[in-house]
Structure formats: structure tokens, C-alpha cells
Amino acid sequence: MNNKTNVLSDVLLMVITCIAVAATYLFAVKVENIPGFSWATLISMPIAVVLNTVFHEAAHMIVGAANGFRTISVRFLWFRFYKEGGRTKFALTGAFDQIGEAEIIPVKKENIEKRYKKVALSGIIANAILACVYPGLAFLWGKTWFEGSLLFALTAFGFPISVYYVLSNALPMSLDLVRNDGAILKGIKDNDDVTKVMFSLMNVHAELYLGKSPAEIDKKYYFDVPQLPEDEPFFTVLLNNRYYYYLDAGDTVNAIKTAERIESLTGYMSKSYLKETRTDELYNCCVLTKDFKKADDITEDYEKYLNKVSSVKNLRAKAAYAAYVLKDKTLAEHIYYGAEEALSSYPVEGLKKLEEKLLNGIKEEIDSLPEPEETEKEADENFTGTTEADK
């Protein structure tokens with residue numbers, strides 16, 4: 001999304017939102033017995049924001065489910081909800097650039113562009129419906145002080161905020177190169193390079209969901225795509241998918257090269273995506289490059305994240321670290337079996353196949369480690385020998 005489009009959309013957004021605010025005020029002053037602003041004013045704005053966010057993301061989820069998409073996670077304000085081990089969990093996300101976001105993946109390939117247009121449009125329509133509801137509250141302003149004060153405040157803030165939501169999602173804009181719904185719809189209409197890569201990756205994810213492992217999917221979806229700038233988020237996502245393709249194909253050389261290229265892009269990544277990238281780096285350092293010093297550094301820097309998030313990928317990386325770096329058979333087995341258990345409820349069958357393959361490779365390393373008793377015996381012998389030599 002170029003700067004000119006962003007600027008024009010921002011100007012239109014502010015102008016029309018201000019008109020909505022002025023219209024609400026002009027309508028209010030013509031109505032008799034309007035209660036003044038009170039405590040209701042303080043709670044009406046967050047109520048309006050929460051309602052619009054929930055309506056918007058819920059529309060994406062519902063319309064997505066009806067059109068062959070599966071919700072992986074959804075974020076409302078500071079909370080991210082996701083499924084792990086067959087259970088729904090939530091996590092605090094901290095500071096945010098977007099107050100709502102639904103992460104969805106396709107579960108079938110047919111007419112994917114047409115179906116995704118409906119999903120992108122659904123959030124805008126949901127906010128537009130809510131914007132139409134608010135003016136109706138004005139007819140209830142004349143009731144009791146409590147009801148009237150709250151309803152007035154909800155309308156005074158809710159209508160302009162809903163209009164803002166509609167415009168901020170309908171007008172094509174991007175924040176840190178992340179496209180809003182309007183920009184996605186414009187990209188589909190223009191069939192630009194980013195959109196081509198996006199749909200190519202959607203086809204990959206659909207094939208993964210249907211049971212193909214990364215290397216079993218047609219190579220054209222990974223490689224016969226336009227070249228994107230390195231600061232474009234979809235460029236990083238594309239490289240990440242290529243990385244898994246090479247891992248699945250057993251192409252260690254290209255897997256390492258792709259991982260190094262991804263590492264060079266960390267300055268463009270969000271904090272959450274950066275953490276996932278570091279998990280892949282940890283696995284690479286343990287299994288592929290045998291750079292154990294770097295593995296120690298990553299583990300130390302991201303220990304809290306690795307221990308807090310019990311995803312299959314995190315458990316795989318931790319099992320690799322315990323087996324290859326720490327040489328701790330007991331610990332490695334414990335983490336490995338935890339990863340196996342988590343994998344049993346993994347939702348994407350194609351990635352499940354890949355994770356099974358990678359875990360089997362770690363299991364071979366674990367099996368080659370000496371038993372704990374043998375390790376203790378060797379340590380005792382070394383200690384005794386050192387003591388006698390000192391004497």
C-alpha cells in the first residue's frame with residue numbers, strides 16, 4: 001500500500017468521523033430533556049470500542065467458518081484466544097498495534113479468492129450494521145435519568161466510533177505494511193504481487209490442512225511467485241514456508257540458507273513472530289548447524305517464552321536442546337513425550353506429519369545417549385581419578 005493511498009484514506013477517515021460526531025451533537029441539541037454527561041460518559045466509549053471489536057472479529061470467524069476457513073486464534077484488545085492441546089486458552093498480548101485480529105487458515109482450495117473476499121468484507125458489514133443500530137437509541141433518550149443518560153452517552157460515542165471502525169477497515173490502508181480489510185479487497189481487485197503471494201500461501205495451508213506434508217505440495221506455490229520487498233510481511237512468511245519445505249524434503253543445505261535469510265529479517269518482525277522464529281533458530285543450532293554456543297544464547301534469552309508456550313514447535317526445540325546440547329537423556333525424553341502428546345491433537349495434518357518426522361530424528365539422538373546410570377558412573381570415575389592425581 002503506497003503512502004499516497006494511506007494519506008488519502010487517513011484524511012477521509014478523519015473528515016467523515018468528525019462529520020459523524022457533529023451530526024450526533026446537532027441531533028442531540030434539538031431533542032428536549034437530554035440528560036447531561038455523567039459517569040455514563042466514562043464507560044460508554046470503552047463499551048463502544050469493545051462492541052465494535054467483538055462484532056468485527058466475530059463476523060470474520062463466523063463468515064470464515066461458513067466459507068471454508070478455520071480460526072487459529074483471535075485477539076480482542078489485550079487478550080489472545082487460541083487452542084492448544086485441544087483446549088481453548090488465552091494469553092495477555094501486552095501493547096498492540098491492532099486492537100483486534102482473527103488468524104484464519106483455509107481448509108479447502110476451491111474458489112479461495114471468492115471465499116476470502118467474503119471474509120474480508122464481513123467485518124466491515126458488521127460494523128456498519130452496528131453503526132445503524134446506535135441512532136435508534138436516540139428515541140429512548142427521554143426515559144428515566146439512568147436509562148437516558150447511559151443511552152445518550154452510548155449514542156454520542158458509539159455512533160461516531162462505529163463509523164470510524166467502518167471507514168478504518170473499508171478505506172484501503174496499511175499499518176507497518178500490515179493491510180486492513182479494505183487494502184486486502186483492493187489487492188484482490190488489482191491482483192497485485194502481495195495478493196498473489198498471499199493466495200499462493202493460502203493454497204499451501206489448505207493442502208497442509210488436507211493432509212499433505214510441505215514437500216508433498218506442488219513446488220509452484222513456494223517458488224513460482226513474484227519477488228516481494230524484504231520488509232513486506234508476506235516475504236518472511238513465504239521464506240518460512242520454504243524453510244519447512246526444505247526440512248521436510250531433507251534438504252539441509254537450503255534449509256540452513258533459508259533460515260539464515262529469515263534471521264536477517266528480524267528487524268521487520270513483530271515481537272510474537274520473532275519469538276517463533278527464534279524457536280526455529282534454536283532447533284537449527286541444535287540439529288542442523290550444531291552451533292551449541294548460539295543455542296545456549298537463544299535458550300537464555302527466550303527461556304520464559306519457551307517454557308510458557310507449550311506448542312509442539314517449542315517442545316521440539318527444547319527436546320533438541322536437551323538431547324544435542326545438554327546430553328540429558330532423562331530430560332530430553334520427558335520433553336519428547338510431552339511433544340508427542342501435544343502432537344496427538346495437532347489440527348493441521350500436513351504439519352503434523354512434518355513434526356513427527358523431526359521428532360523422530362530427535363528420538364534417534366536421544367536413544368543414542370548413555371543411560372543416566374552410566375553417565376553418573378563415568379562422572380564418579382573422572383572425579384576419583386582427578387582426586388588421586390591431585391594427591
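The values are calculated or read from the model by the stated rules, or taken from the named source; none is laboratory data. This structure is a prediction, so every number in the text was calculated from the model and none was measured. Note: ideal-geometry Cβ built from the backbone for every residue, glycine included; neighbour counts use all protein chains shown. Ligands, DNA and RNA are excluded from the accessible area calculation, which covers all protein heavy atoms including side chains. Shrake-Rupley method; radii C 1.70, N 1.55, O 1.52, S 1.80 Å.
Scanning region 306-330 for residues that are surrounded by fewer than 16 Cβ atoms within 10 Å (Cβ to Cβ) and hydroxyl-bearing (Ser, Thr, Tyr) gives a single hit, Thr330. Of all residues in region 294-326, those that are assigned to a helix (DSSP H, G or I), over 20 Å from Thr266 (Cα atoms) and out of contact with any helix residue (DSSP H, G or I) (no Cβ under 7 Å at 6 or more places or on another chain) total 2. I'd like to know if region 243-265 contains one or more residues that are among the aliphatic types (A, V, I, L, M), modelled with pLDDT under 95 and within 30 Å of Lys114 (Cα to Cα). No, every residue in region 243-265 fails to be among the aliphatic types (A, V, I, L, M), modelled with pLDDT under 95 and within 30 Å of Lys114 (Cα to Cα). Take region 351-366 and flag every residue that is open to solvent by less than 40 Å² (accessible area, probe 1.4 Å), under 28 Å from the mean Cα position of the chain (by Cα) and hydrophobic (A, V, I, L, M, F, W, C). Result: Leu354, Leu358, Leu359, Ile362. Only residues that are open to solvent by less than 60 Å² (accessible area, probe 1.4 Å) and either aromatic (Phe, Trp, Tyr) or under 27 Å from Glu371 (Cβ atoms) (or both) were counted across region 331-347, and they come to 8.
So for region 294-303 (the condition being open to solvent by 20 Å² or more (accessible area, probe 1.4 Å) and polar (S, T, N, Q)), does at least one residue qualify? Yes. What about Lys196, is it within 24 Å of Ile72 (Cβ to Cβ) and not in a helix (DSSP H, G or I)? So Lys196 fails the test. Which residue out of Lys290, Lys275 is closer than 25 Å to Ile335 by Cβ, open to solvent by 60 Å² or more (accessible area, probe 1.4 Å) and not in a helix (DSSP H, G or I)? Criteria check complete, one pass: Lys290.
For region 190-208, which positions are open to solvent by 70 Å² or more (accessible area, probe 1.4 Å) and under 23 Å from Lys108 (Cβ atoms)? Matches in region 190-208: Asn191, Lys196. None of Glu356, Glu381, Glu365 is at pLDDT below 95 and farther than 17 Å from Leu306 by Cβ except Glu381.
Working only within region 227-261, note down all residues that are surrounded by 14 or more Cβ atoms within 10 Å (Cβ to Cβ) and assigned to a loop (DSSP other than H, G, I, E, B). Listed by number, the residues that qualify are Leu228, Glu232, Asp251.
Restricting Ile262, Ile298, Ile256 to residues that are of a type in the set (A, V, I, L, M, F, W, C), farther than 21 Å from Lys352 by Cβ and free of Cβ contacts under 8 Å to residues at least 24 places away in the same chain narrows the list to Ile298.
Here Gly182, Gly211 are screened, and the one residue that is open to solvent by less than 40 Å² (accessible area, probe 1.4 Å), outside any helix (DSSP H, G or I) and touching a residue at least 40 places away in the same chain (Cβ under 8 Å) is Gly211.
Would you please name the residue that is nearest to Asn240 (Cα to Cα), looking only at residues in region 262-271 that are open to solvent by less than 80 Å² (accessible area, probe 1.4 Å) and part of a helix (DSSP H, G or I)? So the residue we want is Ile262.
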